[in-house]
């Protein structure tokens with residue numbers, strides 16, 4: 001079984017937890033659409049949305065690296081684990097209002113996406 005499937009499952013669990021958090025806050029504050037200017041709900045919506053945006057592309061790239069290249073599986077595990085840690089760090093920083101932590105974790109997440117894309121491209125060009 002490709003290692004990327006396990007990473008996808010972990011990211012899915014994170015996204016489910018973030019979605020449940022949004023729903024919980026919507027019920028608590030009785031907001032059915034948007035965020036009604038509520039800072040906690042805004043943060044929850046952004047944590048879920050940003051993590052979803054980043055995770056979908058990352059897991060696709062990681063799956064292709066895992067199944068269509070000759071790269072060692074240690075790369076897949078390392079990249080996947082690193083990305084999961086960065087997403088968790090981003091969410092923690094967003095909820096605890098630590099701007100610098102959010103900026104760093106988001107920037108490093110972007111670098112992980114770039115790295116996986118370049119790795120996939122270089123493997124394809126080198127074939």
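Nothing in this text is a laboratory measurement; each read-out follows from the coordinates by a stated rule. Note that the structure is a prediction, hence the values are computed from the model and not measured.
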- Item | Degrees, to the nearest 10: 73-95 long Cα axis against longest axis of the chain | 20 degrees
- Round to the nearest 10 and give me the degree value, 0 to 90, for the angle of helix 99-126's Cα axis relative to the longest principal axis of the chain. 30 degrees
- Which three semi-axes in whole Å describe the equivalent ellipsoid of the chain, each the square root of 5 times a Cα gyration tensor eigenvalue, listed largest first? 32, 15, 11
- Please quote Rg/Rh for the stretch 1-52 to two decimal places, taking the Kirkwood radius as Rh and restricting both calculations to Cα atoms. 1.13
- Query: Hey, what angle do you get for helix 39-68 against the long axis of the chain, alpha-carbon based, 0 to 90 degrees rounded to 10?
  - Reply: 10 degrees
